Amino acid sequence: MRVALFVTCLVDLFRPGVGFAAVRLLERLGAEVVVPPEQTCCGQPAYNSGDFANARAIARQVLDAFDGYAHVVVPSGSCAGMLVRHYPELFRDEPETLARAEALAARTRELSAFLAEHGSADTLDVRFAGRVAMHDSCSARRELGIGAAPRALLDALGAARVEFEDAEACCGFGGTFCVKYPDVSARMVSDKAHAVTASGADVLVSGDLGCLLNIAGRLKRMDSPVRVYHLAELLVGIDGVPGIGDGDTR
Amino acid sequence: MKPTSHAFADNAHRALDDATLQQALAKAGVGFVAKRRAAVAELPEFDALRQAGRAIKDHTLAHLDHYLLRFEETLQAAGGQLHWAETPDAACAAVLEICRDAGASIVAKGKSMVGEEIALNDALEGAGFEVVETDLGEYIIQIAHEPPSHIIAPAVHKTRAQIAALFEAHHRQPGLARPLESVPQIVDEAREVLREKFLSADVGITGANFLIAETGSTVIVTNEGNGDLSATLPRVHIVLASIEKVVPNLEDASVLLRLLARSATGQEITSYTSFFTGPRRSEDPDGPEEFHVVLLDNGRSRLLGGAFHDMLRCIRCGACLNHCPVYGAVGGHAYGWVYPGPMGAVLTPLMVGLEEGAPLPNASTLCGRCEEVCPMAIPLPKLLREHRRQEFDRGLVAGRSRWALAAWAFLARRPALYRLASRAGARLLHKLSRGRGRFAKLPLAQAWTAARDLPAPQGDTFMAQWRRSKRG
Amino acid sequence: MADPRAAILGRLSAALGHAADAPAVAPRIDAHARGPQPMWTESVRGRFLAKLEKVAGTWADVAAPERIAEAVADYLAVQGLPPRLCAAPHPLLAGLAWPQGWEVESRRAAGDDRVSLVVAFCGIAETGSLMLLSAPESPTSLNFLPDDFLCVLPENRIVPRLEDAWALLRDERGGMPRAVNLVTGPSRTADVEQTIQLGAHGPRRLHVLLMKPPAQQALRARAGD
């Protein structure tokens, strides 16, 4: 099984460890992981800013880069949602490209969904017995309907899952929203960080680095004891790995 | 009202700093969400109804001209009069003419969002009529001289203490000192003051949740009974409606009513759901002598078949407001016009112009919760994005944002260059973080770091490390 | 400005790509097709009463039409109200023997009427609603002005769902009266801090007198089930 990994721009830039964790998890399933070098970003910043021309150009680049791979895996619900739901929308009026976009959409999976589908729970080689709060990104939850998969993986780790208040609410990241409307975004992430802290969780995980950078940033500002990781990191073990926003010496 | 949607960012900032408003919003949000959730959970057929409701609206819109003609015919057969109005001004003029012809002095109004849209109160007051809003929430904001902040709970931004103070200031005669603190005391006070108005009003004005082509009926849903009193006691009843409100028959209205109450307040049905068909019949002991429907377009006909067509399905339940994290944080007034929240962020630019309404479609994380709870399955995030596309295409995006986007896209479209730039950025930021893992402050990132730290990159980019590992 | 009617209809027809003057909608309207119907397992009476109670309505069984006055007296006694009411000029209420000294007027409501007594067209089990039709024997003002709203509902006039009420209305009346009021519990508001308060503008209390129909009618109702 050959799997092409769409690293995503945020993982590439901020948290390469998530990418390597994804590779390990996929390889443990017996997959040969390929990272097409012509990838940059899924184009969502342009798309959500109304710049459809650049969004299409970047989408075409992704279509080319991931052409011919039977499986495309993305460690982000947001970027996976872009490929699966929005590329076909972008090329609605271009039949040829639309067909390619729909084919890519059919081959693309968010990481936790792919792992759960392929029996990853049985191949995990670490345990984590702490209390874990799981934040679903809005894209994973609502665009892709992902919820059970990451939880099944956490259960397989032996983690104690804890619920927190208003879990279905957005964390306030929203791509460029968080810098365009910083005080509204601040209020949203503050509510989220308080709810997570109040849950008593040791660790917060999510499948989306955008949410995690946002929530971790707020948790650290609040001096919350909650440590923050991408789900993939927890699944390969976080011993000795500083959480998102934590220093080397922690 | 003069829109202030262009100033959303400032409006939102003020709203976030307003402790009293925040107290009121905190109380409201949780209740609406929980009530809707319980009501939907109790009805296994909700999803099937949602699909049926959507199909009814889609069908009616696909024959909107025919259904409006049929409505006109049946309304007239029942003795009602229909007034077509293309613009808010034309709608106001039609209402004023009816009121003048009736020799009216007092006008009792039930809640109507179309009334807000056309700024009817200003027009009536300007023409010398005494206008009394009779829905408690509308009455509160009328005496506060404020617009509604929610389409079904207009005074949701007011606390009990604020309402008591308003009543104190507006109702109190010297020497009269009834306590006015508890909710029952406040409601009773309004009941007493407004009862008098109902009995003396010459004209009653209500909105319409639906128009029924089959029978020529207009439908309102209320809980207080004020709409029914406005429709029953005065000599003349005027219904304000917009063209997308029509549905084919009573069975179709039944489907939508089941969705409306649950989505709005979490009720199975409101206390009063009333169907009005023409003026009083010759033997009737009560009811108005005249029955008028003012039918407003205000740009809706231009939406039909276009990019915003789906918005015409909206039944004004308010569920998208109640579930919107942005609305929940800043309240309705920040949106700067009549319709707030996600539905308002779509409608406002269409009705007041994209220049004025430009910030609203951007003031959303596109989290999709609005679409998820919309009983008409309106793809609100998609429509917000469509506004953004038009703003971008029309050059309404601020220079700095546009420039940043262009610079980023330039790199994103050149993978080799992008890898160099991202690698340089990651390494620089990592180095600057000096092992602390985050930044409390960073040049050019104040918007981010004002409220939160910025996690620092771990080191080299994934792509660079991957390449190295494959080579080695 | 040009004729707004023609302008609006013209834009709609142009957008839809068909002629405005060819109404093709009559069959769709006349089909009266029902949407998905909420289902439940209780009896129609049981469902009606459960839903009525859920919205703070009260009720009492009335064994026969001639016992209505007694049931009203019971209600007024419990509420501590004086024996004064405004009754709808309905045939079912016309021949009632009111106790000595009672003030019962048969007319539309005035602003200071405390208690009204009306007869519902039918009840709807789905939501615990009463359907009231404006008519000479049923003034609409009685439904909204008084503090205490008493409504006679013959037990065999409870239909399962809203659509059944429309079918009954078409069958028995042939068309819509000026006003059809679906009344579900007393008047309420949540406009002050989302706190539910009964008796906003309309009745503070709603009391249903669930009447056993005369023997003959009961038989007919059973045959119709």
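Describe numerically, in nm with one decimal, the distance between label points set 7 Å from Cα along Cα→Cβ at B:D17 and at B:L354.
Here the answer is 3.3 nm between the modelled labels.
Expressed as an acute angle from 0 to 90° and rounded to the nearest 10, what is the orientation of the C-alpha long axis of helix B:19-41 relative to the principal long axis of chain B?
The angle comes out at about 80 degrees.
Roughly how many debye, to the nearest 20, is the charge dipole of region B:342-411 about its Cα centre, given +1 on each Lys and Arg Cβ, -1 on each Asp and Glu Cβ, and no other charges? Walk me through the numbers before you get to the answer.
Working: 8 positive and 7 negative charges, 45 e Å.
Approximately 220 debye in magnitude.
Kindly write out, for region B:270-275 in residue order, the coupling ³J(HN,Hα) from the Karplus curve 6.51 cos²θ - 1.76 cosθ + 1.60 (θ = phi - 60°), rounded to whole Hz, with x marking Gly and Pro.
Along region B:270-275, the couplings run 6, 4, 10, 10, 10, 10 Hz.
Let me understand region A:124-236 better: what is its radius of gyration from the alpha carbons, and its Dmax, in angstrom?
Computed over the Cα atoms of region A:124-236, radius of gyration and Dmax are 13.4, 43 Å.
Treat region A:2-116 as a sphere of radius equal to its Kirkwood radius over Cα pairs and apply Stokes-Einstein at 25 °C in a medium of 0.890 mPa s; give the translational diffusion coefficient in µm²/s, rounded to a whole number.
Values: Rh = 14.1 Å.
In µm²/s, the coefficient rounds to 175.
Rounded to the nearest 10 degrees, what's the angle between the helix B:183-200 long axis and the longest principal axis of chain B, both from Cα atoms, 0 to 90?
It works out to around 50 degrees.
For the pair B:A26/C:A7, report the inter-label distance in nm, with labels modelled 7 Å from Cα in the Cβ direction.
Taking the two extended label points, one gets 5.0 nm.
What Cys residues in chain B are without a partner cysteine, judged by a Cβ distance under 4.7 Å?
Cys with no partner Cβ under 4.7 Å: B:C92, B:C99, B:C314, B:C317, B:C324, B:C374.
Using the C-alpha gyration tensor of region B:188-258, what are the square roots of 5 times its eigenvalues, in whole angstrom, with the largest one first?
Numbers: eigenvalues 142, 37, 14 Å².
Equivalent ellipsoid semi-axes, largest first: 27, 14, 8 Å.
Considering only C:A165, C:A190, C:A73, give the residue with the highest GNM mean-square fluctuation for chain C, with springs between Cα atoms whenever their separation is below 10 Å.
Sorting by GNM fluctuation, first place goes to C:A190.
What is the mean number of Cβ atoms from other protein chains located within 10 Å of the Cβ atom of each residue in peptide B:229-240, rounded to a whole number?
Values: counts 8, 1, 5, 12, 7, 0, 0, 0, 2, 0, 0, 0.
Whole-number average of other-chain Cβ neighbours for B:229-240 is 3.
Using a 10 Å cut-off on Cβ to Cβ distances, tally the other chain neighbours for every residue of B:140-148 and report the average as a whole number. If you can, show how the numbers build up before the last one.
Working: counts 2, 1, 0, 0, 0, 0, 0, 0, 0.
Per residue, the number of nearby Cβ atoms from other chains is 0 on average.
Report the calculated FRET efficiency for C:A60 and C:E103 (r = Cβ-Cβ distance, R0 = 22 Å), to the nearest 0.05. Write down the numbers at each step before the final one.
Numbers: r = 22 Å, r/R0 = 0.99.
According to the calculation, E is roughly 0.50.
So for region A:2-116, averaging the separation of alpha carbon pairs under 8 Å that are six or more residues apart and normalising by length, what relative contact order in percent results? The partial results should precede the final answer.
Values: 159 pairs, mean separation 33.5, N = 115.
Dividing the mean separation by the residue count of region A:2-116 yields 29 percent.
Over all directions, what mean area does the Cα convex hull of region A:82-131 project, stated in square nanometres?
Values: hull surface 19.2 nm².
Spelled out: convex hull of the Cα atoms, projected over all directions, averaged, 4.8 nm².
Over region C:1-106, what per residue volume does the convex hull of the Cα atoms give, in whole Å³?
Details: hull volume 31.0 nm³, N = 106.
Roughly 293 Å³ of hull volume per residue.
Quick one: net charge of C:V55's neighbours, Cβ under 9 Å, K/R +1, D/E -1?
+1
Evaluate 2.2 N^0.38 Å with N set to the residue count of the protein assembly as shown, then give the Cα radius of gyration divided by it. Please report the intermediate quantities before stating the final value.
Working: Rg = 30.9 Å, N = 947, 2.2 N^0.38 = 29.7 Å.
The protein assembly as shown yields a ratio of 1.04.
Longest segment of chain B with no GluC sites (Glu not before Pro) in a DSSP loop having at most 13 other Cβ atoms within 10 Å? Display every interim value, and only then the final one.
Values: sites that count: B:E42, B:E181, B:E283, B:E289.
In chain B, the maximal stretch lacking such sites is B:290-472.
What are the semi-axes of the equivalent ellipsoid of chain A, taken as the square roots of 5 times the eigenvalues of the Cα gyration tensor, listed largest first and rounded to whole Å?
Working: eigenvalues 164, 100, 44 Å².
Each semi-axis is the square root of five times an eigenvalue, giving 29, 22, 15 Å.
Where does region B:198-336 land on Rg/Rh, using Cα atoms and the Kirkwood Rh? Could the numbers behind the result be given before it?
Working: Rg = 16.6 Å, Rh = 16.6 Å.
Across region B:198-336, the Cα-based Rg/Rh ratio is 1.00.
Using a simple spin-label model with points 7 Å from Cα along the Cα→Cβ vector, what separation in nm is obtained for A:D67 and B:Q76?
Modelled inter-label distance: 6.3 nm.
Restricting things to alpha carbons, tell me how big region B:289-359 is in terms of Rg and Dmax, in Å.
14.0, 46
If you line up the long axis of helix B:64-77 against the longest principal axis of chain B, both from Cα atoms, how many degrees apart are they, to the nearest 10?
20
How fast does region C:115-188 diffuse by Stokes-Einstein, in µm²/s, taking the Kirkwood radius from C-alpha pairs at 20 °C and 1.002 mPa s?
Working: Rh = 12.5 Å.
Result for D is 172 µm²/s.
Any number yet on Rg/Rh for chain C, C-alpha, Kirkwood?
Values: Rg = 21.1 Å, Rh = 19.7 Å.
Expressed as Rg/Rh, it is 1.07.
Sort B:W403, B:W337 so the one with the fewest other Cβ atoms within 10 Å of its own Cβ comes first.
Details: B:W403 11, B:W337 24.
Lowest to highest Cβ neighbour count: B:W403, B:W337.
Can you compute the equivalent ellipsoid semi-axes for chain B, i.e. the square root of 5 times each eigenvalue of the Cα gyration tensor, sorted largest first and rounded to whole Å? Kindly include the intermediate steps, with their values, before the conclusion.
Numbers: eigenvalues 448, 144, 82 Å².
Calculated on Cα positions only, the semi-axes equal 47, 27, 20 Å.
Relative to 2.2 N^0.38 Å, what does the C-alpha radius of gyration of region B:98-253 come to as a ratio? Two decimals please. Walk me through the numbers on the way to the answer.
Details: Rg = 16.3 Å, N = 156, 2.2 N^0.38 = 15.0 Å.
Taking the Cα Rg and dividing by 2.2 N^0.38 Å, one obtains 1.09.
First select every other residue whose beta carbon is under 10 angstrom from the beta carbon of A:A195; then total the charges, Lys and Arg +1, Asp and Glu -1. Before the final figure, lay out the partial values.
Working: positive: A:K192; negative: A:E163, A:E165, A:D166, A:D191.
Here the charged neighbours net out to -3.
Laboratory data are not the source of any read-out in this text; all were calculated from the coordinates shown. Bear in mind that the values here come from a model prediction, so they are computed numbers and not experimental data. Don't worry about glycine lacking a Cβ; one is built from the backbone with ideal geometry, like all the others, and counts go over all protein chains shown.
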